[in-house]
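Here is the structure we will look at, set down as structure tokens.
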Amino acid sequence: MKTDVFRRLSNGTQLPIRSPKAKEPAYVICRQVAEYALLIHETDLKYPIILSVNGRVMEGLIRVAKALIEVRETVDAVQFEQDAEPDYI
């Protein structure tokens, strides 16, 4: 069925990824997804995620995403016994 659709299309072309159309919302979202995919791919699971006292992820969501993609059952974590004061720079 897919081949029938492609037969009805005109000759293929190349779309420059950084073309003016790349500012359209769909392209912006696609670029953001690709950037996060690269971060997930490059992240190292040897570092634990950091949890607050109540168990919320304070740091490490990209490592959680990588563990999910790799179909892991667990991910290493450390948890605060007392939440730290916010650090404002």
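Readers should treat all values here as calculations from the given coordinates under stated rules, not as data from a laboratory. Keep in mind it's a predicted model, so treat the numbers as computed, not measured. Here Cβ is always computed from backbone atoms with ideal geometry, including for glycine, and neighbour counts include all displayed protein chains.
For region 28-89, the set of GluC sites (Glu not before Pro) satisfying both a DSSP loop assignment and a count of at most 10 other C-beta atoms within 10 Å is given as GLU70, GLU73, GLU81. For ALA77, neighbours were defined as the other residues whose beta-carbon sits under 11 Å from its Cβ, and their charges (Lys and Arg +1, Asp and Glu -1) total -1. As a rough footprinting exposure proxy, the listed residues LYS23, LYS66, LYS46 were ranked by other beta carbons within 10 Å of their own, and the order from fewest upward is LYS46, LYS23, LYS66. If you sort the three axes of the alpha carbon gyration tensor as a ≥ b ≥ c, you get a/c of 1.5 or more for region 18-63 and a/b no higher than b/c, which makes it oblate.
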